[in-house]
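The values are calculated or read from the model by the stated rules, or taken from the named source; none is laboratory data. Just so we're clear, the structure is a prediction, and the values are computed from it rather than from any experiment. Here the Cβ is made from the backbone with ideal geometry for all residues, glycine too, and neighbour counts use every protein chain on show. Surface areas here come from the heavy atoms of the whole protein model, side chains and all, with no ligands, DNA or RNA. Shrake-Rupley method; radii C 1.70, N 1.55, O 1.52, S 1.80 Å.
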Number of protein chains: 2
Amino acid sequence: MRDTLFELKCSKCNREFNLVVKKWRCDCGSVLNLKISEYPVVENFSDLIDKNQRNLWRYESLLPFKNGITLGEGLTPVVKKKVENKNIFFKLEYFSPTGSFKDRGAAMGVSRAKAIRVKTMVEDSSGNAGLAYSAYASAGGIRARIYIPFDAPIGKKALMRACNAEVVECKTREEASERAVSELGDDDIYVGHTWDPFFLEGMKTEIFEIFEEKIVVDSVIIPTSSGSHLLGIYRGFEDLIQMGFFDDFPEFYVVQAGGITPIYNRIHRKWDGGIGDLADGLRIVNPPRIEQIVEVIEKTNGDVLVVDNEEIIAAMKELYRMGLLVEPTSAAAYAGLKKIKGVKSPLIPLTGTGIKTVDKIQKIF
Amino acid sequence: MRDTLFELKCSKCNREFNLVVKKWRCDCGSVLNLKISEYPVVENFSDLIDKNQRNLWRYESLLPFKNGITLGEGLTPVVKKKVENKNIFFKLEYFSPTGSFKDRGAAMGVSRAKAIRVKTMVEDSSGNAGLAYSAYASAGGIRARIYIPFDAPIGKKALMRACNAEVVECKTREEASERAVSELGDDDIYVGHTWDPFFLEGMKTEIFEIFEEKIVVDSVIIPTSSGSHLLGIYRGFEDLIQMGFFDDFPEFYVVQAGGITPIYNRIHRKWDGGIGDLADGLRIVNPPRIEQIVEVIEKTNGDVLVVDNEEIIAAMKELYRMGLLVEPTSAAAYAGLKKIKGVKSPLIPLTGTGIKTVDKIQKIF
C-alpha cells in the first residue's frame, strides 16, 4: 500500500500550499480545502484500518498526519431506535474526551500544530470547540488562547481554564471570530474550526466508523452552525465513494436554530419564525464555508430546516426519556427530523453532552 | 458452547436463591453473592465475544441476563501515560451514557429489573449511580426513585430529574441508604448498587475489555466507597482466572478520602490525617461488602491508602494538564498512586467526568 497523498488548495483561486504551511486561509481571502489527491489501492476498507488503535488514529492511512495526539476520541457507539417507522441511528458523539464531536477535529488540528511546532494556537468558539482544543493543546504541550462569547455556558468556560487555556471573553460570537484573527501574534497559529480544513479530516472518521460497522443510512441530519461537522461527514463519504466502496451520498439535512439561520436564508427565504437560542452551539452568522454547505445540500437532494425553542425542548424531553443525555444543540437535529418527509434510516449524530449545560437543563425540565 | 450457569447465594448462611428473586439481601441480613457455577468451555476468550455488539453486551455469554438495555456503555478507551517510570493505563470510564463507570452496573441492574417486570426501582446514591439508574430506568420504561444527600452536585440532581426520576433529597448519605429501604413499597425493587450483586456483574466487563485489548497490568488502583467498582473488577479477573486465561490477580489498591475511611480504619488504624471531602463520590461510612473488600486487598497483597483534598487537587491539576477531564473522586486514585511503592504498570480507572462537577472545578482551578 503506498502513502496517501493530500492536496491543500484555495477553494477560489486554486493556489496550492504545502501541508505544513501556517496559513489559515488563502492570500486571496478564501477558505482552503484539503483533499486526497491519490488514494491507496486496497480490496477492502478493513485493509486500511490499524485495528490496534482504538481511537480515530486507526484510520491514519487516510489522514494527513500520523502518530497524532489521542485522548481516546472516536469509536463512539451507535444506539438504534425505531421511532414512527423510522430506523434512527443515533451516533453518540458525546462519548468523547471533552463531551462533544469537536474532539475529533481538535485531535487533528492540534496534531498538525504540533507537527509544525507552534507554541500557541488560537481558536474562536461558542464553547465546545474551545474546550476540545484546550484539552488537546494541553495534552500536546501547546499553549491555547480561546475567544468565546461571554455568555457561553459556565461549565464550558470553567473546564477550558482548568485545561490551562487563556480564555478571552467577547461581547458576541462574531467579536470572538474577529479578535481571534486580528490579535494573532507572529508565532501563533489560528486553528479556528470554522476555517481549518484539517478539522474536517478529523471529523470524517465518524463516517469511517459507520462504514466499519456496516451501517447503511439514507440520510444525515445534523445541527449546523459553521458546517464543520457536516462538511467533515461529507468528506468521509467522499473518500469512501472515491475508493469505490459506496455509490452515492446519503441526503444531507441541515438543522439551524431560529434567530441565526444564514443557510436557510440563502436557500429559501429570510426565516421569520420562532427563536431557537437554547441551541447555544448554533450561533455563527457568517459561516466561512457557506458556499460548500449549500453545495452539499443541493448535490445530495437534502434540505435545510429551522427549529425553535419549543421544538428543541420537546425533542430534548423525548431524548432524555430514551436515556440520551444531550445538550440542546444536539436535540435540534432530532427536532428537525420531525419536519422531514421520506427519510427512513437517518444518521443523527448526537453532538454534545447535556452534562455541560446543566444551567439550561434545569430551566427545561 | 453450553449456557453459563449462575449461582445466587447468601455470603454468610449460604442459602441459595433463584436469579429472578426480588430480594436485595438474604433473610439473615447478609449480602448476596452472584457467581458463575459452570463456565462455558472454549479455547480462546474471543470465542465468547459477540463482536457485533459494540457495548458491554458483547460479553453476554458470561452475564446473568441477555438482550439487555444498552445506551452504548462499555468499550471505554485506554490512554497510556508514562509517569515517573510507571506505565499507567488510564481506563476512561467517563466515556459513557451518563459520564461514570456506574453505567455498566446500571445497565445490568435495570436489565434485571426489566426481566422480573417491576414497575419501580429504588436506589440510593451520592450522585453518579443515581443518574446512571435514572437514565437506564427511563430507557427501559421503569420508574426510578433515587435517594441522595441534599448536597450532591447540582448537575447530577438536575440530570436525574431530566430523566424523569423521582429524586428524594436526604440530610446525609446514610439517611439516603436507610430511607431507600425503609420506604420500599410492595411492588418496588431495591437495586442499591452497594448491595446488588448484579451491579458487580456489569462492572466486571471492564476487565474483559482490558483482556480483549491484551493489556497486562500488575495492579489496580481504585477510589473506593461501597467497593462496587473494586469488587466488580475483581469478579472480572476471577472469571478469567477460573477459565484458565490468567494465573493470578494483580494487586488491588484501594484509595479512600480522608474523613470517611472505614476500610483504612479496619486494616490499619483510625485515620487521623486531612479531610478529602472534595471526592464527593467517596461517602459511604458502612459499606455492606466491607468484609469482601478487605479479603480482596489481603488476598492480592494490595493495600488501602487515604488522600486528602490537597493531594486530590494536585492530582486533578496533573490530569487536566494531560487532557483528562475527571471529577475529584477519580483524581483520588491518581493521588493514591503517588503513595504506592513497587507498582510498575497500574490500571487506573478514571471513574467519572469532571463536567458533572463544574461547581467544584471552578473552586479548584
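For this structure, a couple of remarks:
- Count of residues meeting criterion [under 15 Å from A:MET121 (Cβ atoms), facing another protein chain (nearest Cβ under 8 Å) and open to solvent by 10 Å² or more (accessible area, probe 1.4 Å)] in the stretch A:141-178: 1
- Residue match in the stretch A:206-223 (condition: in a loop (DSSP other than H, G, I, E, B), open to solvent by 10 Å² or more (accessible area, probe 1.4 Å) and touching a Pro at 6+ places or on another chain (Cβ under 8 Å)): yes
- Any hit, the stretch A:121-135, residues being out of contact with any helix residue (DSSP H, G or I) (no Cβ under 7 Å at 6 or more places or on another chain), closer than 22 Å to A:THR351 by Cβ and facing another protein chain (nearest Cβ under 10 Å): yes
- The residue list B:GLU318, B:GLU311 contains one member that is within 14 Å of another protein chain (Cβ to nearest Cβ), out of contact with any Ser or Thr (no Cβ under 8 Å at 6 or more places or on another chain) and not in a strand (DSSP E or B), which is B:GLU318.
Here is a yes/no grid of residues against (1) within 17 Å of B:ARG112 (Cα to Cα); (2) part of a loop (DSSP other than H, G, I, E, B); (3) β-branched (Val, Ile, Thr):
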{"position": "B:ARG25", "(1), (2), (3)": "yes, yes, no"}
{"position": "B:SER30", "(1), (2), (3)": "no, yes, no"}
{"position": "B:ILE36", "(1), (2), (3)": "yes, no, yes"}
{"position": "B:TRP57", "(1), (2), (3)": "yes, no, no"}
{"position": "B:GLU60", "(1), (2), (3)": "yes, no, no"}
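- Scanning the stretch B:279-326 for residues that are open to solvent by less than 10 Å² (accessible area, probe 1.4 Å), within 14 Å of B:ILE361 (Cβ to Cβ) and more than 18 Å from the chain's Cα centre (by Cα) yields B:ILE312, B:ALA315, B:MET316, B:LEU319, B:TYR320, B:LEU324, B:LEU325.
- Checking each residue in the stretch A:251-278 for being open to solvent by 10 Å² or more (accessible area, probe 1.4 Å) and part of a helix (DSSP H, G or I) picks out A:PRO262, A:TYR264, A:ASN265, A:ARG266, A:ILE267.
- Test: residue in the stretch B:352-360 that is crowded, with 18+ Cβ neighbours inside 10 Å, within 14 Å of chain A (Cβ to nearest Cβ) and among the basic types (Lys, Arg): yes
- Condition met for B:VAL79 (β-branched (Val, Ile, Thr) and within 14 Å of chain A (Cβ to nearest Cβ)): yes
- Positions within the stretch A:59-86 being touching a Lys or Arg at 6+ places or on another chain (Cβ under 8 Å), over 18 Å from A:GLU209 (Cβ atoms) and not hydrophobic (A, V, I, L, M, F, W, C), in sequence order: A:PRO64, A:ASN85, A:LYS86
- Of all residues in the stretch B:170-197, those that are more than 24 Å from B:PHE101 (Cβ to Cβ) and touching a residue at least 40 places away in the same chain (Cβ under 8 Å) have Cβ atoms under 6 Å from Cβ atoms of residues that are hydroxyl-bearing (Ser, Thr, Tyr) and crowded, with 23+ Cβ neighbours inside 10 Å, 6 or more apart or on another chain, in B:ARG179/B:TYR147.
- So B:ASN301, is it on the phi > 0 side of the Ramachandran plot, out of contact with any His (no Cβ under 6 Å at 6 or more places or on another chain), more than 14 Å from every other protein chain (Cβ to nearest Cβ) and not hydroxyl-bearing (Ser, Thr, Tyr): yes
- Residues in the stretch A:1-54 that are in contact with a strand residue (DSSP E or B) (Cβ under 7 Å, 6 or more places away or on another chain), among the aliphatic types (A, V, I, L, M) and at pLDDT 95 or above: A:LEU8, A:LEU32, A:LEU34, A:ILE36.
- Residue in the stretch A:32-47 that is out of contact with any helix residue (DSSP H, G or I) (no Cβ under 7 Å at 6 or more places or on another chain) and open to solvent by less than 50 Å² (accessible area, probe 1.4 Å) present: no
- Check on B:GLY99, farther than 21 Å from B:GLU178 by Cβ and small (Gly, Ala, Ser): yes
- Whether a residue is polar (S, T, N, Q), more than 14 Å from every other protein chain (Cβ to nearest Cβ) and under 19 Å from the mean Cα position of the chain (by Cα) was assessed, and B:THR329 passes this test.
- Wholly enclosed strands (runs of 3 or more DSSP E) of the stretch B:92-202 bearing at least 2 residues modelled with pLDDT under 95 and under 28 Å from B:ILE233 (Cα atoms): none
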